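Novice: What follows is a single structure, and I will ask about it in a moment.
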Amino acid sequence: MLFAVSFMILGPSLNNAFADIISPKKQIDLGISPEDITCETGMFKVIRDRTDSVSCVKISNVVKLIAKGWAKPIEQKALDAQIKDSNPLATINKLYAEPIKTQHGKITGTTSTSGYNLAFEICTASQKIFVPEVLIKSDSQTQRYEIPDNIEPNSCLLSATFIKASDPNSITLTLLNKGDISKLLSDGEANIASIQNELDNAKKAFGDRTSPDTSQTAKIIDLRKQLNEAKEDLYRLYFTLYANPTEKYDIKKLSFTGEVIEGESAKILAVKKSVSAENTYDAVFEACTGDKQITLPVVQVSSDREATNVKIGNKILPNTCQMTSVKITATNPDSITATMTGNVESNKVSQLEEQLVKLQKEIVGEREVIRKLFHDPKESNFNEQVEMHTAKIIELRNQISSIKDDYNKILYQMYRQ
C-alpha cells in the first residue's frame, strides 16, 4: 500500500490538526500492533478504559479524560516530557507570492489570476526536523504541505507550491511539526548508533576465524537482536511519516577468509561447543554478496537437529561480507552449514534507493532555480519560470513521498520479527 502525498484542499477542520502521522486505525490496518502505535504530533496515546483500545487525544485533554474514567491512568512523567516537547521547531519565511498568469510557461490571454505561486523557507534552530509539514491558509483555500526531506539543525530548506487566494496578504504559513515526534526519531537514531557501535566493538573483540573469542558470541547475538528491534521501531515510525533515513557504507572486496568473493554465499567459519546447554554450538559464519547489494540478508544455518534463519540486520554492499554468529543445536557439529536465502525485497529496495537519489538531485536543482529567480532581478518571463519550476517541485515532491512510502514499508516489514 502506498500513501502518496497529494496536493490537497482541506476544510476548516484542519485548523487545529497536526496530521503528520497516519491514524491509529490505519496503523493497525497495516499490521502495526496496538502497543507500537505512534500518535501524531501534539497528541498523546491513551488506552480507553471500556474497550482497552488505543486512542490518540490532545495533550491538553489527557488529564480530563482520565479523571472522567474514559481513559486509563498514565505515567505523569511521560505526559510532562511530551508537553515539554510540544513547541514548534522552526520558523517559516515567506519569500514571495506571485500571481499565476501563465499555464506551465505559456502566457494566457487574460491578466486575471486564479491563485499564487508561493515560495517559502523553513529554517531550524538547534534541533533537526523530520518531514516538515506546513499548514498553508488563504482567504480561498487551506492545504497541508508535506516535504519528504529532513532539515538539519541551523539550516534552511526552500520549497514552493500553488495556493488559491484573492488577496496574497491573506496567505499564512504555520509549521505543524512539534518537538515530540522529532525527539522520538532523534532518540531512535541515537539508540541505533549506540547499539551498532557496541556490536562493532564486540565483533572486533571476537577476532578472526583462526582464533575466535567465543565468549563474545552471546553478546553479539543479544546486540544483533537489540539492533533489529531498534531498527524495527525506527522504520515503523518512518513508515508512518513517509520518510527515509540515509546511510553511508564502506565497500570491501574480500571475504573474512581472504578469498575473492564470487557471487552470493554463506560459509561456516568456526564451530565451538557451547557451555550453555548439551548439544549446543556457537557457529560463526560469514555472508557475502555478489555484484548486487543485499538488503537485510537472511542466512539459514542448519544442522542435523534444527534450522534457523538469521537476519543480519544490515545491508551488504556488492562484493562485501559480514561476519556474525548464532547458537544452534546439533548431534554432529560437522553437519552445521550456512546458506544464503537472500531477501525477496532486496532488489526492489535497491531500485527504490536509486530512484530516490535521482529524484532528490532533481528537486535540489529545481529549488536552486527558484532561489535564483527570487534573488535575481525579475525578467519578462519571471511568472512563467516561477510557475513552471513550482509545478516541477510539486511533482517531484509527490514522487519522492510515494517512493519513500514504499521503501520504509519494506524495511519495516523486513525488520519486524
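The values are calculated or read from the model by the stated rules, or taken from the named source; none is laboratory data. Since the structure is predicted, the reported quantities are computational estimates derived from the model, not experimental observations. With ideal geometry, Cβ positions are generated from the backbone for all residues, glycine too; neighbour counts draw on all protein chains shown.
Novice: Filter region 299-343 down to residues that are small (G, A, S) and farther than 13 Å from A266 by Cα, then give me how many there are.
Specialist: 5
Novice: Let me ask something else about it. Looking at (1) modelled with pLDDT under 85; (2) in a helix (DSSP H, G or I); (3) of a type in the set (D, E), which one does E198 not meet, given that it meets all the others?
Specialist: Just one mismatch for E198, condition (1).
Novice: Against the definition (surrounded by 15 or more Cβ atoms within 10 Å (Cβ to Cβ), farther than 30 Å from I403 by Cα and touching a Phe, Trp or Tyr at 6+ places or on another chain (Cβ under 6 Å)), how does S302 come out, yes or no?
Specialist: Spelling it out, it is not the case that S302 is surrounded by 15 or more Cβ atoms within 10 Å (Cβ to Cβ), farther than 30 Å from I403 by Cα and touching a Phe, Trp or Tyr at 6+ places or on another chain (Cβ under 6 Å).
Novice: Please work out which residue is nearest to T339 (Cα to Cα), limiting yourself to region 258-285 and to residues that are surrounded by fewer than 16 Cβ atoms within 10 Å (Cβ to Cβ) and among the hydroxyl-bearing types (S, T, Y).
Specialist: Step by step, filter region 258-285, then rank; the result is T280.
Novice: Looking at region 278-298, which of its residues are polar (S, T, N, Q) and modelled with pLDDT of 80 or more?
Specialist: Within region 278-298, N279, T280, T289 meet the criteria.
Novice: Within the group I268, I261, which residue is at pLDDT below 85, of a type in the set (V, I, T) and either under 31 Å from the mean Cα position of the chain (by Cα) or within 16 Å of M323 (Cα to Cα) (or both)?
Specialist: When all the criteria are applied, what remains is I261.
Novice: Also, I was wondering about something else. Given N381, N332, N319, which one is out of contact with any helix residue (DSSP H, G or I) (no Cβ under 7 Å at 6 or more places or on another chain), at pLDDT 85 or above, of a type outside the set (F, W, Y) and not assigned by TED's automatic domain parsing to the domain that holds D29?
Specialist: Exactly one residue qualifies, and that residue is N332.
Novice: For D85, all conditions in the list (1) modelled with pLDDT of 85 or more; (2) in contact with a Lys or Arg (Cβ under 7 Å, 6 or more places away or on another chain) hold save one; what is the number of the exception?
Specialist: (1)
Novice: Hey, among V275, V301, V349, V344, which residue is modelled with pLDDT of 85 or more and either part of a loop (DSSP other than H, G, I, E, B) or not basic (K, R) (or both)?
Specialist: V301
Novice: If you go through region 379-393 one residue at a time, how many are surrounded by fewer than 18 Cβ atoms within 10 Å (Cβ to Cβ) and under 16 Å from E368 (Cα atoms)? Talk me through it step by step, then tell me what you get.
Specialist: Going through region 379-393, the residues surrounded by fewer than 18 Cβ atoms within 10 Å (Cβ to Cβ) turn out to be 379-382, 384.
From the residues that got through so far, the ones that are under 16 Å from E368 (Cα atoms) too are 382.
Qualifying residue count, region 379-393: 1.
To keep it simple, each residue is scored yes or no on (1) among the small types (G, A, S); (2) on the phi < 0 side of the Ramachandran plot; (3) modelled with pLDDT of 80 or more.
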residue	(1), (2), (3)
T111	no, yes, no
L118	no, yes, yes
T124	no, yes, yes
K128	no, yes, yes
E133	no, yes, yes
S138	yes, yes, yes
Q143	no, yes, yes
I147	no, yes, yes
N150	no, yes, yes
